[in-house]
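Have a look at the structure below before the remarks.
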Amino acid sequence: MLSTDCTDRTASADPEERPTDSMPLQDLPCLSLQGSMLSHCNRTNKRKSRGCLSEGLDTECTPTELIQQWSPRHKHQRLISKGKENDCNHFVLARRSRRKKDSTSGISWDHLPDELLLKILFYLPLQDLLRMSTVCKRWHRLAFDESLWHSVDLEGLTHMGAALQQVLKTGVRRLRCPRSFVEELHFTVSGSLQMVQMDLSSSIIPTSALESIICQCRLLEHLSLEGLRLSDTIINSLSKNVNLVQLNLSGCSGFSAAALADMLRSCSSIEQLNISWCEFNSDHVKSVISNLSSGVTHLNLSGYRESLMLDDVKVLVERCPHIQTLDLSDSTQLMADSFPVFAQLKNLLHLSLSRCYHIHLAALTDLGKTLPTLCLLDVFGLVQDGHLPSLKKEMPRVSINSRPFSGVARPTPSSRLVGFLNDRTMWNRKCRLRFRL
């Protein structure tokens, strides 16, 4: 039971004195104070409860009035007296037992240590955590403790510039924010961000706003900027993240071949790279081929119809002998003479040659013998439905056309159906704080 004997209370605060750094997130339509899990008062007292919330932000302690509303009502001991005095209507002062008095005392919220309150706040969803931050200064400080903001999911949020800026200041390490709209953002922070994993795929975000974020990152290991317009400044900033393991730049544009080459040389730890369907010319393709790290195991270099040649494939295989997944779909200059080159990849498990129209069906039948380790083969557009059973018969141990979409370096596996619960994972892990529309 919570007691109401808190001290050092301050007078009611002006609403304008409320901490302004929490307002962008709390101003979202779904984060209003109405419906808070913390309010246990009757419907008729809602206006009074909200007034208490505003007043509480002026003090480090929990407001007395708020504690009274949340705490069970005290049971007043009745005056019980036996004897003739009651019969004569005499006033009798009854003495409350010591045991009864002790039972009404308890621990105030203010007496709980920060560590215990952080453990409690850890189990709250995002909306309720933001509501808690409006109670008082102490709870506001605890609600934005960086230990509670390690991973945040803001998928689909619109007009989220100010909210994103506040989340970045909390020290978030894993940020999932695909298919969102970010207006102009001028993000400044002392020191670098703690970001390790970030997904901004298919978002609408100005290049200048993206620059202000990426330029502050030094610890990135997994990054997806699929479909965004970039710049040389962004690519040069990525080169400072030497621990990058997975990088998805599929469908990106706006950067030069020279900046791309410098970034690939600096990020020598990359294992998975998806750089398909970018606005590339032959110089961009050669920059990728000539500067890839030897540790690359998964590569998607599809979509370069006239730019990718057999000689480029030879250089690629020589530089990256450990490739397990290789997607060269829509490379119309490749023919069957590339198969002996692929045979040099002793660990190749998954090969995609969809819509490489100069490769004939007859040549595909020998691919199972040429590549003994091959398990998955995608040749969409090369094999008609009527010929597919005969090709599968020639290669019984190879799964053909079972992966229509590439999953290389993508935060969400392509085989996962959109709308399912598991669809909210990012590189096989869910985010703890999730924005719910």
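The values are calculated or read from the model by the stated rules, or taken from the named source; none is laboratory data. Just so it is clear, the model here is predicted, and its values are computed rather than measured. Glycine gets a Cβ as well: all are built from the backbone with ideal geometry, and neighbour counts include every protein chain shown. Surface areas here come from the heavy atoms of the whole protein model, side chains and all, with no ligands, DNA or RNA. Shrake-Rupley method; radii C 1.70, N 1.55, O 1.52, S 1.80 Å.
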Requested in this report: At 0.36 nm per residue, minus the direct Cα-Cα distance, what do Met335 and Ser239 gain on full extension? Give it in nm, one decimal, please.
Outcome: 31.1 nm
Query raised in the report: Fully extended, how many nm does the chain gain between Lys314 and Thr158 (0.36 nm per residue separation, minus their Cα-Cα distance)?
Result: 51.6 nm
Report summary line: Placing each pseudo-label 7 Å from Cα in the direction of the beta carbon, Lys169 and Glu183 end up separated by a distance in nanometres of 1.8 nm
Report summary line: For the pair His358 and Glu146, the simple spin-label estimate (label points 7 Å beyond Cα toward Cβ) gives in nm 5.4 nm
Report summary line: Largest-first ranking of Lys393, Lys430, Lys286 by accessible area, probe 1.4 Å, whole protein assembly kept, is Lys393, Lys430, Lys286
Query raised in the report: Once amide H atoms are built 1.01 Å from N in the peptide plane, which residues 5 or more positions from Asp378, or in another chain, come under 5 Å H to H?
Result: Leu351, Ser352, Leu353, Asn401
Query raised in the report: Could you state the number of Å between the C-alpha centres of the range 105-129 and the range 280-296?
Result: 52 Å
Query raised in the report: Could you give the length gained on full extension between Ser253 and Thr370, defined as 0.36 nm per residue of separation minus the Cα-Cα distance, in nm?
Result: 38.5 nm
Query raised in the report: Summing Lys, Arg as +1 and Asp, Glu as -1, what charge do residues with Cβ under 10 Å from the Cβ of Leu308 carry, Leu308 excluded?
Result: -2
